[in-house]
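Taking it in order: structure first as structure tokens, then the write-up.
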Amino acid sequence: MISVEAALEKILSHIQPLGFEKVSLLEAQGRVIAEDIYASRDIPPLDNSAMDGYAVRSEDIQQASSGHSVRLEIIEDLPAGSVSRKTVGKGEAIRIMTGAPIPRGADTVVQVEDTAKEDRSTQIFRAVPSGENIRRAGEDVGKGDRVISKGDFIRPAEVGMLASVGRSFVSVYQRPQVAILCTGEELVDVDGELEEGKIVSSNSYTLAAQVKDAGAIPLQLGIARDRKEDIEQKLRQGIRADVLISSAGISVGDYDLVKDVLKDLGMEMVFWKVAMKPGKPLAFGTIGGKPAFGLPGNPVSSMVSFEQFVRPSLLKMMGHHQIFRPTIEAVLKEDIEKEPGRRHYIRALVSCDKDRYFVTTTGAQGSGMLISMVKANGLVIIPEDKEKVKAGERVLVQLLDRTL
């Protein structure tokens, strides 16, 4: 049995980023970009008006005020998307819309709120200095600037920037296909007949959802009965994927056959059993260089093990730099006792009050109680050597909810 840190180190040493693929602009959102992006042009391409108003020569309006207006002749109306062929001369103005290029001769824009239009002239009620209300060419991005770096996560802002620099397709890291197999004579699918002694295979769906939440692609292999030939047949399908996950069948019972079948299929076992609760019976190895995880069968154990080991692995495969859930310190609102020797992950509810985090457990912590994960937005991490943590102490909490 090894520590959580040792298990993570061994796992991640076997994980490498996948290759690249070209995807369309909107398909790139939520992916990690695999190339540096440079601006092929200035953005904006020309000096343009920051608001609706009048493009004028600043020297013509230096005497303007609310009590003493300056009258200028309007020589043109200039909408956004049009370029003026006229030059603003002394005593003249061009009515200009937001985004329209600044015409020749003008060096400032008076916002429409400081003016009053009269047929073919306008009154200016404010002296505006040169350059006001003008967005300069290249002030957002200059030609040749690197606007997105390889390894960046593509959010809506990056999508907009890619569009601005004219990139309709970009190179991103591939998403791993993750095969998921659940085993057990007692399991039926969600729509299956719940005969006496049978339960729904919730792990088939929670694991698939966790894979999707990480950004990877789940491939459900279904349910294998506790027979070696059935497990082997389904695992052979699974080893075609980039990652293989099995749930249950890796403990020491007479019907825990998955570990043996994986070895028969050529799995090089890296470790088995981790000093944590829930999630002690966890196996990791490789088959043909591909990572294979044997997760516990209890729903909470399976989910917590996925969070600690599988999720970081998938994120690394997809080129992410930040592969771990964020952690915070929070004030514990109740006593927690545990046996020493294993790290405990306690399902908990985190709240924030006056810039301080507080945390309380979700109640009973049985590894088969999926409701404890439903209620949780974090996991209190209790170190191996601790036997008791008292209310009022600060504890480390791994956040599961992005909104926190």
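The values are calculated or read from the model by the stated rules, or taken from the named source; none is laboratory data. For clarity, every value in this text was computed on a predicted model and none was experimentally measured. Here Cβ is always computed from backbone atoms with ideal geometry, including for glycine, and neighbour counts include all displayed protein chains. Note: areas computed on protein heavy atoms with side chains; ligands, DNA, RNA excluded. Shrake-Rupley method; radii C 1.70, N 1.55, O 1.52, S 1.80 Å.
Cross-link check: pairs Lys228/Lys290; Lys259/Lys388; Lys277/Lys333; Lys10/Lys150; Lys280/Lys354; Lys316/Lys390 evaluated at a Cα-Cα cut-off of 28 Å; pairs beyond the cut-off: Lys259/Lys388; Lys280/Lys354; Lys316/Lys390. Quick query: amide H of Phe271 versus all other amide H atoms, modeled in the peptide plane; which residues come in under 5 Å with a sequence gap of 5 or more or a different chain? Sorted by chain and number, the residues that satisfy this are Phe284. With the gyration tensor restricted to C-alpha atoms of the stretch 1-143, the semi-axes of the equivalent ellipsoid amount to 54, 17, 12 Å, longest first. When the chain is treated as a Gaussian network with alpha carbon springs shorter than 10 Å, the biggest mean-square fluctuation among Gly144, Gly294, Gly222 belongs to Gly144.
For Arg104, the residues whose amide H sits under 5 Å from its own are Val88, ignoring neighbours fewer than 5 places away on the same chain, with H placed 1.01 Å from N. Counting only DSSP H runs of at least 4 residues, each contributing -39500 (n - 2.57), and dividing by the residue count of the chain, the helix-based mean residue ellipticity at 222 nm comes to -4500 deg cm²/dmol. Protein-only accessible surface at a 1.4 angstrom probe places the residues Leu12, Leu194, Leu244 in the order Leu194, Leu12, Leu244, largest first. Computed with the Debye formula from one identical point scatterer per Cα of the chain, without solvent, the log10 of I(q)/I(0) at q = 0.14 Å⁻¹ comes to -1.16. Annotation: amide H-H contacts under 5 Å for Val141 (H modelled 1.01 Å from N, sequence separation of 5 or more, or interchain): Ile43. Using the alpha carbons alone, the radius of gyration of the stretch 117-186 stands to its Kirkwood radius in an Rg to Rh ratio of 1.40. Solvent-free Debye calculation, one equal scatterer per alpha-carbon of the stretch 24-86: log10 I(q)/I(0) at 0.14, 0.26, 0.27, 0.29 Å⁻¹ equals -0.69, -1.23, -1.26, -1.33.
Think of the chain as having a plus end and a minus end, set by charges on the Cβ of Lys, Arg, Asp and Glu; of Ala241, Ile43, Ala330, Ile43 sits farthest toward the positive end of this dipole. The three principal axes of the Cα atoms in the stretch 284-369 give end-to-end lengths of 50, 29, 23 Å, sorted in falling order. Extending 7 Å from the Cα toward the beta-carbon at both Glu21 and Asp335 defines two label points whose distance is 5.4 nm. Placing +1 on the Cβ of every Lys and Arg and -1 on the Cβ of every Asp and Glu, with nothing else charged, gives the stretch 205-317 a dipole about its Cα centre of roughly 220 debye.
Here the Gaussian network model covers the chain, with springs between Cα atoms less than 10 Å apart; of Asp191, Asp47, Asp260, Asp191 fluctuates the most.
Charging the Cβ of each Asp and Glu at -1 and of each Lys and Arg at +1, and nothing else, the dipole of the chain about its Cα centre rounds to 600 debye.
Which percent, nearest 5, of DSSP beta bridges in the chain are antiparallel? Percent antiparallel among DSSP bridges in the chain is about 70. Hydrodynamic estimate: the Kirkwood radius of the stretch 227-370 over Cα pairs, inserted into Stokes-Einstein at 10 °C and 1.306 mPa s, corresponds to D of 93 µm²/s. With θ taken as phi - 60° and the Karplus curve 6.51 cos²θ - 1.76 cosθ + 1.60 applied, the whole-hertz 3J(HN,Hα) list for the stretch 270-279 is 8, 7, 9, 5, 10, 7, 8, 9, x, x Hz, x standing for glycine and proline.
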